[in-house]
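I have placed the structure first, in the form of structure tokens, so that the comments after it can refer back to it.
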Amino acid sequence: MRRLILSRKGFDSKAGGSASPIFNDGSLFSIPIPQHHPSPKKYKDLDFNGISGSKLLKEVSAKVRETDYCHNDPMLNEKIGIFGQASASQTELKNNNVSSGDLFLFFGWFKNFSANGRDLHHLFGWLQIEKIIEGSKEIKRYLRENNIQHPHGYGDVSRFSNNTIYIAKNKLKLNKRKIFDRGYGLFKWTHDDLILTEKSKTRSRWKLPSKYFKDSKDLFLNRMKWENEEESTVFYRGFGQEFIMDIEKNPNVKKWAINLIKKHG
């Protein structure tokens with residue numbers, strides 16, 4: 001494990017126009033972004049632990065309809081964990097040598113609407129990479145052989161330049177040793193540990209735990225930058241999707257990610 005990637009996914013101000021919901025019982029669900037082309041699922045087809053996609057859209061007063069197609073990605077609650085990426089974001093991952101064994105932590109914009117809660121960047125899932133499949137032809141072959149439908153291999157995918165999917169490990173491993181029963185999954189409940197946003201700040205201002213992140217001057221490979229290194233507060237530049245860390249620069253950050261999965265996965 002050499003790279004840790006904080007990957008922004010789900011509804012945002014442009015795609016969906018709203019945050020994803022945190023419910024009063026503490027459960028949270030990342031609503032996938034809309035897709036204008038045919039996709040394996042429409043919002044009405046989604047099921048998050050018994051909560052329908054239609055109910056989720058009503059909860060957040062979304063600007064999309066239940067009959068619209070959605071880009072249901074990453075897939076973290078199926079028999080095989082899959083995450084698809086393309087275009088400039090995939091180039092960024094490849095140029096920063098993201099490879100097998102590296103770990104994605106997925107985050108997005110969340111809010112407890114019924115309690116008029118804060119706008120938060122909140123972690124919602126993880127995926128450790130087993131293998132990377134590049135190119136639409138190979139992606140479609142893999143999905144067909146495994147009887148899987150995924151938006152990066154469904155129908156006309158010519159719009160996806162640099163089309164790539166990341167396949168998850170079955171078990172979370174470190175130095176070939178199993179450290180957790182699942183190599184991918186969802187954080188089902190909100191918790192302060194999973195909130196990136198600093199208290200009383202806008203959602204893109206983060207406070208990371210100093211216990212793990214101190215002495216991390218050269219940690220960030222793109223987009224993120226320390227606002228106050230001693231206080232472990234961060235802001236990021238631009239609106240990108242992938243935020244890549246070189247955790248060989250500070251192995252304690254690896255412990256942070258693994259502990260989150262063990263505690264909340």
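Throughout, read-outs are computed from the coordinates displayed, never taken from laboratory work. Since this is a predicted model, take the numbers as computed values, not measurements. Counting neighbours? That spans all protein chains shown, and the Cβs are built from the backbone with ideal geometry, glycine included.
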key: Across LYS42/LYS207; LYS178/LYS199; LYS14/LYS58; LYS201/LYS255, pairs whose alpha-carbon gap is larger than 29 Å   = LYS42/LYS207; LYS178/LYS199
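Compute the length gained on full extension between LYS225 and PHE239: take 0.36 nm times their separation in residues and subtract their Cα-Cα distance, giving the result in nm to one decimal. Present the calculation step by step, with values, prior to reporting the outcome.
Details: separation 14, 0.36 × 14 = 5.04 nm, distance 1.36 nm.
Fully extending the segment from LYS225 to PHE239 adds 3.7 nm.
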key: Residue among LEU196, TYR184, GLY26 farthest towards the positive dipole end of the chain, charges placed on Cβ   = TYR184
query = Which net charge results for the neighbourhood of GLU242, defined as the other residues with beta-carbon distances under 12 angstrom from its beta-carbon, given Lys and Arg at +1 and Asp and Glu at -1?
reply = +3
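Placing +1 at every Lys and Arg Cβ and -1 at every Asp and Glu Cβ, with all other atoms neutral, what dipole size does the chain have around its Cα centre, in debye to the nearest 20?
380 debye
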note = Packing-ranked peptide list from 69-75, 214-220, highest mean Cβ count within 10 angstrom first, is 69-75, 214-220
note = Note, VAL157: beta-carbon cut-off 12 Å, +1 each Lys/Arg, -1 each Asp/Glu, net +1
Mean Cβ neighbour count within 10 Å, used as a protection proxy, ranking 196-203, 141-148, 95-102 highest first = 95-102, 196-203, 141-148
inquiry  = Under 19 Å between alpha carbons, and skipping anything fewer than 8 positions from LYS188 in its own chain: which aspartates and glutamates qualify?
reply    = ASP25, ASP47, GLU59, ASP73, GLU78, ASP119
query = So what's the back-of-envelope 222 nm ellipticity for the chain, counting only DSSP H runs of four-plus at -39500 (n - 2.57) apiece and dividing by all residues, rounded to 500?
reply = -4500 deg cm²/dmol
task = State whether the chain is rounded, prolate or oblate according to the following rule on the C-alpha gyration tensor (a ≥ b ≥ c being the square roots of its eigenvalues): a/c under 1.5 gives rounded; otherwise a/b larger than b/c gives prolate, and the remaining case gives oblate.
result = oblate
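Of the listed peptides 182-190, 125-133, what is their order by residue-averaged count of other C-beta atoms within 10 Å, with the highest listed first? Don't skip to the answer; put the middle values down first.
On the way: 182-190: 20.4, 125-133: 22.1.
Result, highest mean first: 125-133, 182-190.
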